[in-house]
Structures are given as C-alpha cells and as structure tokens.
Amino acid sequence: MIFEQVATGGCQSYLIGCGDTCAAAVIDPEVRQLSRYEALAAQHGVRIRYVIDTHTHADHFSGSKQLSELLNVPVVAHSSSPSPYVTMHVDEGDVLKVGNIRLSVMHTPGHTRDAICLVASDRVFTGDTLLIGATGRTDLPTGDPEQLYDSLFDKLLKLDHRMLVYPAHIYKGHCCSTIEEELRSNPRLQKKKREEFVEMMRAHSPSMPEHLTEALRVNMSGGISVAQLLTEAAAEVPFMSMDEVKARVAAGANDLIVLDVREKDAFDAGHIPTARHLPRGQLELRVNEAFPDPTVRIVTCCEFGKISTLAAATLRRMGFTRAIALDGGMKAWKEQGFPVEGGATPQA
Ligand SMILES: [Fe+2]
C-alpha cells in the first residue's frame with residue numbers, strides 16, 4: 001500500500017494508493033497542497049482516481065474541486081453533502097475500489113450531517129468524527145451530539161481495535177492512533193453513557209474557527225477564498241519595491257504613475273508624493289478617462305498591498321500591460337519613514 005500523510009498546520013490529508021494497479025485516492029485535500037498531491041502521485045507512479053471529502057469542512061479550505069478539475073476525476077462525498085461540485089455521492093456501506101484497495105464508506109454523522117469514515121484493510125480515516133484524544137465538535141452547522149454518540153459507540157468503535165486511526169486534524173503531534181488506544185485514553189470516550197456524552201458535548205463550546213463563514217462558503221459552493229483570489233492576482237502581476245518607487249518619485253521620474261486605489265479619506269490622510277487617486281471600487285468605470293494611454297507605466301498602491309495587487313491584475317486584464325503593484329502598502333511605507341504627502345503632518 002502506498003500511503004502519504006500531508007499536514008497543513010493541524011489539518012491532515014492523505015494519499016492512499018495501490019502500487020500494483022497504479023491507482024490512488026486523496027482524502028481531504030487542502031487547497032494549498034494541490035501540487036504536492038500531484039507530485040506525490042508522480043513520485044509513487046500512481047494516478048489519482050478519486051478525491052474524497054470526509055465532510056463539509058468549516059475550518060479550512062477544501063481543495064477537492066480544484067484537484068478534481070486538474071485531474072478530471074470525481075469528487076466523492078456523502079449523499080447529504082451540500083457541495084455542488086461533488087460528482088460521486090456515496091452512502092453507508094458503499095465501497096470505492098482504489099486499485100486493489102477497498103475503501104468502505106461508514107456514514108458517521110455528528111460532527112456534521114454528511115460525515116463519513118473510510119475503512120481500508122488495517123486503517124480508518126475518521127475525518128473529524130474521531131480525533132486523537134478528542135472528537136470533532138458538534139456545535140457547528142449540522143452538528144449533533146446524539147448522532148455523534150451513535151456514530152462512535154455503535155459504529156466506529158466497534159471496528160477491529162487494532163485498526164489504525166487517521167483523523168482529519170491532529171493537534172498534539174502524533175501522526176496516528178488506534179481504536180484500542182483511543183478507547184483506553186481518549187477522555188471523551190470515557191463518557192460511555194449516552195446522556196453523559198451528549199451533556200459533555202453540549203457543554204463543550206470552543207471558540208469558532210478563524211475562517212468559519214468563509215470556509216463554509218468556499219466548501220459549500222466551490223467558490224474561492226480571499227487568499228486564493230489574492231494568490232491568483234499576485235501570479236498575474238510583477239511588483240515594484242518600495243525603495244524603487246521612492247527613488248523614482250524622488251528623481252521626479254515622469255514615466256511612472258503612482259496610483260493610490262484606497263478610499264478618499266485614506267488618500268487624503270497621506271499618500272505617496274505625486275500619487276494620483278482612483279478608488280478600487282471605481283477603477284473599471286473611470287480608468288478610460290483617467291488613463292487614455294494604455295501603455296503608461298502604473299504602479300498601484302493601497303494600505304496593505306492586497307487591494308493594489310487586485311487592481312494591478314485588473315488593469316493588466318484591461319490592457320494596461322505595464323501595470324505593476326507596489327510590493328507593500330501605505331502602512332509599511334509610513335513605517336519605513338518614507339515621504340508622505342497630505343494629511344495632518346505632511347513630510348518633505
Ligand atoms: Fe471538520
């Protein structure tokens with residue numbers, strides 16, 4: 001069996017493959033690791049045949065849609081998954097053949113309604129149903145502590161106790177566990193009575209995941225995250241360093257337009273000397289009158305260097321093929337003590 005565990009912070013994803021038939025599956029892909037899965041598959045000489053989500057993740061960004069599009073393979077998830085990009089719905093007892101490896105689907109609602117565990121010969125991918133020393137939380141959308149109790153005590157924990165446990169999250173450094181070890185030492189599993197377990201889970205309300213609403217939006221719709229949007233824009237534009245812009249402005253260069261795309265009050269409070277102002281929200285509407293010559297060299301700037309990247313990418317797509325983004329933003333510019341024009345304390 002070919003087996004790779006890929007961590008993205010605490011989030012775990014897995015590539016499992018059959019060397020005899022050159023087939024593999026990726027479980028819970030993370031969007032920043034797409035090239036890694038492809039590289040691992042190539043390294044092992046296997047082709048990824050399935051992309052599987054164990055549930056609708058609320059705390060990180062699934063790479064399933066993008067990976068399936070890259071590879072032209074199905075996205076597998078439970079039949080109750082709300083994601084429109086799932087192309088192979090599965091139910092309790094279904095088996096996926098990954099070459100000679102059988103992955104059996106166990107529906108284990110509780111953390112989410114669409115949670116599944118995947119059972120291979122000697123190991124089980126537990127998603128967020130069972131974690132090492134913990135369980136998935138039940139207070140996020142479609143979570144249900146009573147269902148989690150049933151999924152754990154009536155299903156998952158009845159597997160062969162020697163089964164290796166590979167969860168979707170690891171918080172304390174162990175790469176895997178066993179059913180036996182979890183039954184023995186997992187504090188949550190010591191509450192063996194239904195009422196006690198449910199009461200414990202209801203009382204357990206950790207802080208909300210950092211990107212909860214954004215992760216649900218992305219994972220339930222197949223849209224992209226803000227970080228992806230910025231990464232894609234950053235790949236489309238070159239950048240100019242703050243030192244370079246400062247030097248050119250100081251030299252009075254007339255072949256470079258500094259374009260500040262922040263809102264008016266931010267611009268008025270202090271901007272790069274000679275900068276022109278056109279807010280990002282009006283860029284497409286006013287760019288023709290502002291810049292009749294599409295061959296001009298425009299360097300965009302904003303507060304943090306993110307919106308300016310989007311603005312430069314937009315300008316390039318509109319035909320301003322020499323548009324460039326400031327590598328940094330006004331916050332960093334001011335922190336460097338670089339010259340600022342306008343505002344309460346104008347500098348030279
Ligand atoms: Fe989760």
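Laid out as a table, the results:
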quantity	calculated
Qualifying position, being among the acidic types (D, E) and either within 13 Å of the ligand (Cβ to nearest atom) or closer than 17 Å to S205 by Cβ (or both), among D150, D128, D160	D128
Qualifying positions in segment 137-147 - more than 25 Å from the chain's Cα centre (by Cα) and within 16 Å of the ligand (Cβ to nearest atom)	P145, Q147
Qualifying positions in segment 26-52 - within 16 Å of the ligand (Cβ to nearest atom) and either in contact (Cβ under 8 Å) with a residue 40 or more places away in the chain or farther than 16 Å from Y85 by Cα (or both)	I27, D28, V31, I52
From L189, L156, residue being under 23 Å from S13 (Cα atoms) and either touching a helix residue (DSSP H, G or I) at 6+ places or on another chain (Cβ under 8 Å) or free of Cβ contacts under 8 Å to residues at least 60 places away in the same chain (or both)	L156
Residues satisfying the stated conditions in segment 315-340, i.e. under 29 Å from the mean Cα position of the chain (by Cα), surrounded by 18 or more Cβ atoms within 10 Å (Cβ to Cβ) and touching a residue at least 40 places away in the same chain (Cβ under 8 Å)	R316, A323, I324, A325, L326, D327, G328, M330
Residue count, segment 193-237 (criterion: more than 30 Å from G328 (Cβ to Cβ) and surrounded by fewer than 12 Cβ atoms within 10 Å (Cβ to Cβ))	6
Hits in segment 62-88 (condition: buried (at least 23 other Cβ atoms within 10 Å of the Cβ) and over 24 Å from G99 (Cα atoms))	S62, S81
Number of the condition not met by G343 [criteria: (1) crowded, with 17+ Cβ neighbours inside 10 Å; (2) on the phi > 0 side of the Ramachandran plot]	(1)
Members of segment 87-119 found to be within 16 Å of the ligand (Cβ to nearest atom) and either under 17 Å from I16 (Cα atoms) or at pLDDT below 95 (or both), listed by number	I116, C117, L118
Qualifying residue in segment 238-250 (condition: among the basic types (K, R), in contact (Cβ under 8 Å) with a residue 12 or more places away in the chain, surrounded by 12 or more Cβ atoms within 10 Å (Cβ to Cβ) and not assigned by TED's automatic domain parsing to the domain that holds D53)	yes
Residue in segment 57-69 that is touching a Cys at 6+ places or on another chain (Cβ under 9 Å), assigned by TED's automatic domain parsing to the domain that holds A215 and part of a helix (DSSP H, G or I) present	no
Scope segment 123-135; condition in contact with a Ser or Thr (Cβ under 6 Å, 6 or more places away or on another chain) and not β-branched (V, I, T); matching residues	G127
Residue match in segment 14-28 (condition: of a type in the set (D, E, K, R) and not in a helix (DSSP H, G or I))	yes
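One line per residue, one yes/no per condition, for (1) within 16 Å of the ligand (Cβ to nearest atom); (2) at pLDDT below 95; (3) not in a loop (DSSP other than H, G, I, E, B):
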| residue | (1), (2), (3) |
| --- | --- |
| V165 | yes, no, yes |
| R188 | yes, no, yes |
| E210 | yes, yes, no |
| A215 | yes, yes, yes |
| M220 | yes, yes, yes |
| E236 | no, yes, no |
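The values are calculated or read from the model by the stated rules, or taken from the named source; none is laboratory data. Predicted model only: the values in this text are computed from it and were never measured. Glycine gets a Cβ as well: all are built from the backbone with ideal geometry, and neighbour counts include every protein chain shown.
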